[in-house]
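What follows draws every value from the coordinates through simple rules; no lab data is involved. All values reported here derive from a predicted model rather than from experimental measurement. As a convention, Cβ positions derive from the backbone with ideal geometry for all residues, glycine included, and neighbour counts pool all protein chains shown.
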Amino acid sequence: MNRLFLNIAFVCVIAAFLILLRHQFHMLQLSSYRNDRYKKWAKENFGKELTVWYIFPVLVPCIIVMTSLPLWVFTACFAVTLALAVIFTPRKAEKKKLVITARVKRLYVTATVLSLIMLTLLNLVMGRNLFGYSDRFWVFVLFWISVFAVCYRTVATRLINFINAPIEKAVARYYINDAKKVLASSSVTVIGITGSYGKTSTKYILEKFLSQKFNTLMTPESYNTPLGAVRTVREHLLPTHKYFICEMGAKQVGDIKEICDIVHPTHCIITSIGPCHLENFGSMENIVKTKFELYDACDGIKIIGADIEKECEGIRAGTSGDYFAKDISYNENGMTFTLVAKGKEIEISTSLLGMSGVKNIVTAAAMAMELGVPAEDIRFACARLKAVPHRLEINRKSANYIVIDDAFNSNPAGASEALSVLSSFEGYTRVVITPGMVELGEKTYELNRELGVKAKECADYIIAVGKNAEAIKEGADNAIVVKNLNEALGKLQTLMGEKTVVLFENDLPDNYEE
């Protein structure tokens, strides 16, 4: 009978373990299933995930061992305290929910199998009494198992992810090979787009331009990984597609080459180069090297951002070069400018805002026109362009309340541009809410301080959120420091004037928030 109670207690540990793994798998997913990135998050957040209720599942076995209380009392108390530990584990609202993909399901299967193996081994040892220990000794063993399962589940998560790595590689290899077959059997021409910033917006604009004349496919949303490209090809590529625009993101050297080896791009666009993900890359040299992995993979048309400081062959586009913009002016409906395309002038009117919008339009227009899209089609498509969600997107909440949503991510150039747009709203109370910029390595503090300096010039009020708030406040001594977005929104209510415009500059994912 004692063994039954021990087994029930162990099943309670397994249940608590699997429930608590949900949050760990969520953070692992946001860390791109990379154990090194997840480990960094776990180290920074270990104490924040603990609750005083964790003490009781640890104390109960000790009390049982040191007293003569029956084991059924232990099982009942243990189950209750574990349940309380799970219920009172600190939780906060998730901005981006855990996506229950096939990979996440495989993680759960592995966790369950490992738990059942431990249960079987425990019963085998107890049943044969291999070491001659009493049942109360096994209560003490269960104590250590519960400590690991409840308090050190981050270690278990990394172990599970490590065990599954060969399986995931095999699955990825199958999908990649299948996508290669699909591409090989089609006549589609692949256009690769990369850059430290501007690549997603440029992709959307280029798709609008090319679609005026050709059947065009693009990777959706911010799909910019190898499996994002593979999924797009396998699920959406049709024999009628003329062009496939493939966005390519990177966080370390070799990431772009990996995607190129799958889709084999003919033409390419490199929008910009800056200190994004500098913490992962280690140096600007590595960032340049990685972005130009796309350049090296192509032998067709190569569009290079005009401000990229690298000697290379290609068509320069942006603020100077073969394609550039002049006579830029803003109005309440957006902006107008003249697109100069190899000497030919095209009058452009668009609802997009900011120099980043101008550069993205010019860069996309350069590729489209080189591929045969007429100037009139470019003009027509520009008039119908809409901002990509969360990238300098203007939302009028009311006649006197405007939100500038630039929350997708943030980088030094993009943040500066967004603040310049904010400053153009004369007669409004101008507020910026920002957690600053991340993954900038040793430059994180310096660049966030500079963000504060720029924000002070452009905004009436600055609300700095989270870990980078002190750096921002050093640059803007009038900045208001808050812990999270909810606190920032509460503070915003006290700052709003009769006419208010609010810039949301960056919105950190859950694994970066305090």
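List of remarks:
- Considering only alpha-carbon pairs that sit under 8 angstrom and 6 or more positions apart, the relative contact order computed for the range 320-401 is 24 percent.
- Extension gain (nm, one decimal) between Ser424 and Lys386, 0.36 nm per residue minus Cα-Cα: 11.7 nm
- Under-5 Å amide H pairs with Leu503, H placed in peptide plane, nonlocal only: Ile404, Val431, Val432, Ile433
- All C-alpha pair distances within the range 393-512, sorted into 10 Å bins from zero, spread as 15, 52, 29, 4, 0 percent across the bins.
- Each residue of the range 428-445 was assigned a 3J(HN,Hα) from its phi angle through the Karplus expression (A = 6.51, B = -1.76, C = 1.60, θ = phi - 60°), giving 10, 6, 9, 10, 10, 10, 8, x, x, 10, 10, 6, 10, x, 5, 8, 4, 5 Hz with x at Gly and Pro.
- Förster radius 60 Å - calculated FRET efficiency between Arg22 and Lys342 (Cβ-Cβ, nearest 0.05): 0.60
- FRET E, pair Asn7, Glu498, Förster distance 56 Å, beta-carbon r, rounded to 0.05: 0.25
- For the range 264-272, 3J(HN,Hα) computed residue by residue from phi via the Karplus equation (6.51, -1.76, 1.60; θ = phi - 60°) reads 6, x, 9, 10, 8, 10, 10, 6, 6 Hz, glycine and proline entered as x.
- With a Förster radius of 41 Å applied to the beta-carbon distance between Glu221 and Lys326, the computed FRET efficiency rounds to 0.80.
- Charge sum, other residues only, whose C-beta stays under 10 Å from Thr338's C-beta, Lys/Arg counted +1 and Asp/Glu -1: -2
- Distant alpha-carbon pairs in the range 263-412 (separation over 19 angstrom), percent: 59 percent
- Working value for the range 323-437: equivalent-ellipsoid semi-axes of 28, 15, 12 Å, each the square root of 5 times a Cα gyration tensor eigenvalue, largest first.
- Vicinal HN-Hα couplings computed from phi for the range 303-315 (Karplus, 6.51 cos²θ - 1.76 cosθ + 1.60; Hz; Gly/Pro x): 9, 10, x, 4, 8, 7, 8, 8, 6, 6, 7, x, 8
- Cross-link check: pairs Lys199/Lys344; Lys326/Lys397; Lys208/Lys483; Lys199/Lys242; Lys208/Lys251; Lys40/Lys181 evaluated at a Cα-Cα cut-off of 30 Å; pairs beyond the cut-off: Lys326/Lys397; Lys208/Lys483; Lys40/Lys181.
- Inter-probe distance in nm under a simple model that places probes 7 Å from Cα toward Cβ, at Arg106 and Arg231: 1.4 nm
- Order of His277, His26 - criterion: other Cβ atoms within 10 Å of each residue's Cβ, fewest first: His26, His277
- Net charge in the neighbourhood of Ala297 (other residues with Cβ under 9 Å of its Cβ; Lys, Arg +1, Asp, Glu -1) is -3.
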